[in-house]
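Each remark here refers to the structure printed beneath this line.
Quick note: the coordinates plus some simple rules give every number you see, no bench work behind them. Since we're looking at a predicted model, the values are computed, not measured. So basically every Cβ, Gly included, is an ideal-geometry build from the backbone, and we count neighbours across all protein chains shown.
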Protein chains: 2
Amino acid sequence: MVITRATEYAIRTVVFLAQQPKDEIVLKKDICRTQDVTPAFLTKILQPLIKAGIVSSQRGVGGGFLLAKDPSEITLLDIFQAEEGQLKLNYCLLDSEACHRDNYCSVHEVWHEAQDKMIRVLTKYNITELVRREKENLKNSN
Amino acid sequence: MVITRATEYAIRTVVFLAQQPKDEIVLKKDICRTQDVTPAFLTKILQPLIKAGIVSSQRGVGGGFLLAKDPSEITLLDIFQAEEGQLKLNYCLLDSEACHRDNYCSVHEVWHEAQDKMIRVLTKYNITELVRREKENLKNSN
DNA sequence: ATTCCGTTGCTCGTGTGATAACCACGTTGT
DNA sequence: ACAACGTGGTTATCACACGAGCAACGGAAT
């Protein structure tokens, strides 16, 4: 019941990219240096983000990574799902075939409610908003 | 990001015990038969429940298991935590030392909010209430 | 002695976190 | 053109931890 390191790093990466000037291409090693991830692992983490259309990449000299869309259109749920697939708290919540107690099980309903609440939080703030709040936090701590 | 089978079975077990006449002692094999768990695995699952004071046990002839307190005082969170320990969505949420970005990281706040919402749902309904709703669901489906 | 539960240790499979080798593509200098 | 170089892309592999489950033996109550 804990998010993976991959998801954590993916979020850091997207937030970092969103802090750069618009359309600025960032080197992999610069992401690594600032976000405490190793290049080999980051390589693996970035691919799902690219396939999900959150990040795009450019090869060759002057290549690197940048956001594929406006950060205001990216939520934490998008990043989570790119890395870990569909969010589910219990197996019975994904495919309804998985549990024959589905019809009457009152616990099922509670998991559903908890999951909904969680998804709602993860979609409530977009990356632009998170970057703004981070900037504010830093200002207040000085 | 999914609860373990142990937690799932533990919940089924507690709900099942709550459905029995008060203070009725239930055999392990009866729990197994009705809840689709193997005896060996259930043995493992019951121990944390006993240590958490949710279930109590009786050895010897006529022994078995029963709830250690009123089902209205047991929540899903209690059972979850007995099996999986403290609920946390990200490592940085448990011990504040784990992440030096703690102070300013705006994502941290979002995880916190999501976790709070989830905990609130898991403590909202007690076992008595869940049993009542299950009974109602069964009635309506007939 | 019998019938229960308790404890311990084990297996087996899968997922996480991480590394490395090699491949494919773009840019740039010639 | 084209070759060299600098990027990211793909794939295979690894150690390790954890989840899920099994079994054997020990201990208490009757």
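Please grab the % of Cα pairs in region B:5-141 that end up more than 27 Å from each other.
Taking all Cα-Cα pairs of region B:5-141, the fraction more than 27 Å apart is 32 percent.
Roughly what angle does helix B:5-19 make with the longest principal axis of chain B, taking Cα atoms, 0 to 90 degrees, to the nearest 10?
Long axis of B:5-19 versus the principal axis of chain B: about 50 degrees.
Please list the non-local residues whose amide H lies under 5 Å from the amide H of A:S56, H modeled 1.01 Å from N, same-chain partners needing a gap of 5 or more.
Here A:L66, A:L67, A:A68 satisfy the definition.
Given label points at 7 Å from Cα along Cα→Cβ, what nm distances, shortest first, separate A:Q35 from the same residue in every other copy?
Counterpart label points of A:Q35 in the remaining copies fall at 4.2 nm.
If we count other beta carbons within 10 Å of each Cβ, what is the order of A:H108, B:H112, fewest first?
So the residues, fewest neighbours to most, are B:H112, A:H108.
Take the alpha-carbon positions of the protein assembly as shown, form their convex hull, and give its projected area averaged over all directions (one quarter of the hull surface) in nm².
Reported value for the Cα convex hull: 18.2 nm².
Between copies, how far apart are the A:K139 label points? List them in nm, one decimal, shortest first, with each point 7 Å from Cα toward Cβ, please?
Spelled out, the distances from A:K139's label point are 5.8 nm.
How far is B:Q20 from the same spot in each other copy, in nm, shortest first, if each label point sits 7 Å from Cα toward Cβ?
In ascending order, 6.2 nm.
Check each of the trypsin sites (Lys or Arg not before Pro) in region A:17-78 and keep only those in coil by DSSP with at most 14 other C-beta atoms within 10 angstrom; list them in order.
A:K22, A:R59, A:K69
Can you give the angle from 0 to 90° between the axis of helix B:127-141 and the longest principal axis of chain B, with both taken from C-alpha atoms, to the nearest 10?
Roughly 70 degrees, rounded to the nearest 10.
Could you give the dipole magnitude of region B:5-141 about its Cα centre, charging the beta-carbon of Lys and Arg +1 and that of Asp and Glu -1, in debye to the nearest 20?
580 debye
Could you name the residue in chain A with the C-beta closest to the rotation axis that superposes chain A on chain B, along with the separation in whole Å?
So the closest residue, with its distance, comes out as A:K117, 2.
Note down the net charge around B:G64, summing +1 for each Lys or Arg and -1 for each Asp or Glu among other residues with Cβ under 14 Å from its Cβ.
Local charge sum for B:G64: +1.
Within a Cβ distance under 14 Å of B:R12, other residues only, what is the Lys/Arg minus Asp/Glu net charge?
So the environment of B:R12 carries a net charge of -2.
Taking the Cβ of A:D23 as the center, what net charge do the other residues with Cβ under 12 Å away carry, scoring Lys and Arg +1 and Asp and Glu -1?
0
Calculate the length of the line joining the C-alpha centroid of region B:71-118 to that of region B:11-57, in whole Å.
That distance is 27 Å.
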